[in-house]
Amino acid sequence: MQNPIRLLLASAAALLIAFSGLAAHAQQSNISRFDVYTGFTDIDSPELGLNQKGFHTQAGMNVRPWYSVGFDYSVATGDEILTTELLPASLQAQVNAAQQQYIKFGLLPANYVLRVPTHAATQTFAFGPQLTYRHFQKVTLFGRPSLGAIHERATPHPTDAFATVVAQELAPAGFKADWTGFYGFGGGADFAVTKHIGLRAQMDAVYNHPFNDILANGRWTFRYSVGPSFHFGGNIATWKTKAP
């Protein structure tokens, strides 16, 4: 069954986009120079079974009515289960060999399966352009390339002696941290509540591969966010291009 929060956020985005068909078909006459957004975020990495909830913020400058640049940051935490199948083949072989020795000496049951509960904290950082579609009076649609960096910190919480040995080998400090890049795409809609306040719903899909020394595969990560947006500064819709 789908996560109800992610379903709610996706539905909110769909409703905002659908509402655009009901909005007045007129170009926006007021486009503030600056935008700031803060909201709730849900970051999902299905291949790891990792779902994280947290905070998302953006700050941008509208360079033209159809083009803006800005900074994007999010932070979220959640829990996952580390299993042998997630490891590279060579590391799997080492863990499986050690596990068989533990079973041979009666230290583990024959049907033992390695499962290490792990707490993960993720931060994302991005800066870049965004394209904006302002055909509708009350709804602004936008899309962007999602290019940036992820910082992830994973803290294992083993529940048995063998898992403790494995966790100590993989994360001798008691945790493991890594920086890695990501790339993908994102977009959403901003519904104007007042001249300076809106409601924004958006999502991003990015590919990344943190901890590539202990995780065999990269993954697609999906971020769903919703919250208020604030618009201020001069009205760039009134700007005129100067004649040469």
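Summary of values
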read-out	value
The range 90-112: number of residues that are β-branched (Val, Ile, Thr) and over 19 Å from GLN168 (Cβ atoms)	1
Where a residue in the range 130-150 is within 22 Å of PHE182 (Cβ to Cβ) and assigned to a strand (DSSP E or B) and its partner, wherever it lies, is of a type in the set (D, E, K, R) and modelled with pLDDT of 95 or more, with Cβ under 6 Å and at least six apart	GLN130/ARG144; SER146/ASP204
Filter result for the condition that a residue is at pLDDT 95 or above, of a type in the set (Ser, Thr, Tyr) and closer than 18 Å to THR57 by Cβ, over THR118, THR124	THR124
Complete set of residues in the range 104-129 that are more than 15 Å from VAL166 (Cα to Cα), of a type in the set (A, V, I, L, M, F, W, C) and not in a loop (DSSP other than H, G, I, E, B)	ALA120, ALA121, PHE125, ALA126, PHE127
Any hit, the range 159-174, residues being among the aromatic types (Phe, Trp, Tyr) and either in a loop (DSSP other than H, G, I, E, B) or under 15 Å from the mean Cα position of the chain (by Cα) (or both)	no
Filter result (closer than 22 Å to TRP66 by Cβ and among the aromatic types (Phe, Trp, Tyr)) within the range 185-237	PHE185, PHE191, PHE230, PHE232
Filter result (touching a Gly at 6+ places or on another chain (Cβ under 6 Å) and buried (at least 20 other Cβ atoms within 10 Å of the Cβ)) within the range 71-84	ALA76
Out of ALA173, ALA216, sole residue that is among the hydrophobic types (A, V, I, L, M, F, W, C) and surrounded by 13 or more Cβ atoms within 10 Å (Cβ to Cβ)	ALA216
Any hit, the range 109-119, residues being closer than 22 Å to GLY70 by Cα and either surrounded by fewer than 15 Cβ atoms within 10 Å (Cβ to Cβ) or not charged (D, E, K, R) (or both)	no
Criterion (in contact with a Phe, Trp or Tyr (Cβ under 9 Å, 6 or more places away or on another chain), farther than 26 Å from GLN202 by Cα and not polar (S, T, N, Q)) met by exactly one of ALA163, ALA154	ALA154
Output for the range 45-62, where each listed residue is assigned to a strand (DSSP E or B), over 14 Å from GLY186 (Cβ atoms) and either at pLDDT below 95 or not β-branched (Val, Ile, Thr) (or both)	SER45, LEU50, ASN51, GLN52, LYS53, GLY54, PHE55, ALA59, MET61, ASN62
Conditions (1) more than 30 Å from GLY70 (Cα to Cα); (2) surrounded by 20 or more Cβ atoms within 10 Å (Cβ to Cβ); number of the one not met by ASP160	(2)
Residue under evaluation PRO109, criteria (1) within 17 Å of SER225 (Cβ to Cβ); (2) over 29 Å from the mean Cα position of the chain (by Cα), criterion not met	(1)
Yes/no for GLY188 being part of a strand (DSSP E or B), modelled with pLDDT of 95 or more and surrounded by 15 or more Cβ atoms within 10 Å (Cβ to Cβ)	yes
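Yes or no, residue by residue, for (1) touching a Gly at 6+ places or on another chain (Cβ under 8 Å); (2) farther than 26 Å from GLN27 by Cβ; (3) touching a residue at least 24 places away in the same chain (Cβ under 8 Å); (4) small (Gly, Ala, Ser):
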| residue | (1), (2), (3), (4) |
| --- | --- |
| THR159 | no, yes, yes, no |
| PHE162 | no, yes, yes, no |
| PHE175 | no, yes, no, no |
| THR194 | no, no, no, no |
| VAL206 | yes, yes, yes, no |
| GLY218 | no, yes, no, yes |
| PHE222 | no, yes, yes, no |
| GLY234 | no, no, yes, yes |
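The values are calculated or read from the model by the stated rules, or taken from the named source; none is laboratory data. Computed from a predicted model, the values in this text were never measured in an experiment. No Cβ is skipped: glycine too gets one built from the backbone with ideal geometry, and neighbour counts run over all protein chains shown.
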